[in-house]
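Peer 1: Could you have a look at this structure, given as structure tokens, before my questions?
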Amino acid sequence: MKRFTRLAGAAVMAVGALTAISPLTASTAGAASPCTQPKWDIHPDRISTGTFSWGDGTAIRTAGYVDCTIVGRGYPSQGIDVHCSRQNDNGLWWVYARNTSTGKAGWARYDAVYTTGSVLPPSCS
């Protein structure tokens, strides 16, 4: 009888734990990813200078967060066309850039591209 009571108690605790977790899981599953925020779709070409260059293997992403998908990479020997900059919700600056050697375009961390000065490109918005 003791064994049955322990097993029944364990089953009740397991169901209770699942019930307690379910609402939390459901609310986070419906949350929008920062990688799909519409603001990352806006990237007008506001720069007419060629003072930028890629770092070594700079990740080019779908949006300005390190968790977003990498669509390509930039290397120092490849050309770069920087359009504008935007700050993400974590306070990090990103630039929208196109690798002119491969055609891949997207967002790169500002500190992963190089410029002849410490010039932050104009804002995308």
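Every number in this text was worked out from the coordinates using simple rules, so none of it is lab data. In this text the structure is predicted, and so the values were computed from the model without any measurement. Glycine gets a Cβ as well: all are built from the backbone with ideal geometry, and neighbour counts include every protein chain shown.
Peer 1: Calculate the all-directions average of the projected area of region 35-115's alpha-carbon convex hull, and give it in nm². Don't skip to the answer; put the middle values down first.
Peer 2: On the way: hull surface 18.9 nm².
Mean projected area for region 35-115: 4.7 nm², to one decimal.
Peer 1: So, one more: In the neighborhood of D45, defined by Cβ-to-Cβ distances under 15 Å, what is the net charge if each Lys or Arg adds +1 and each Asp or Glu adds -1?
Peer 2: Working: positive: R46, R86, R98; negative: D41, D81.
So the surrounding residues net to +1.
Peer 1: Pull up all non-local amide H partners of R61: gap of 5 or more, or a different chain, and H-to-H distance under 5 Å with H placed in the peptide plane.
Peer 2: Answer set, sorted by chain and number: V71, W107, A108.
Peer 1: Read phi for every residue in region 38-46 and hand back ³J(HN,Hα) as whole Hz from Karplus 6.51 cos²θ - 1.76 cosθ + 1.60, θ = phi - 60°, with x for Gly and Pro.
Peer 2: x, 4, 7, 7, 9, 7, x, 7, 10
Peer 1: Fewest Cβ neighbours within 10 Å first, please rank S123, S53 accordingly. Write out the running numbers ahead of the final one.
Peer 2: Values: S123 11, S53 18.
Fewest-to-most Cβ neighbours within 10 Å comes out as S123, S53.
Peer 1: Moving on. Quick check for me: using +1 on Lys/Arg Cβ and -1 on Asp/Glu Cβ, what's the dipole size of region 35-115 about its Cα centre, in debye to the nearest 20?
Peer 2: Dipole size: approximately 100 debye.
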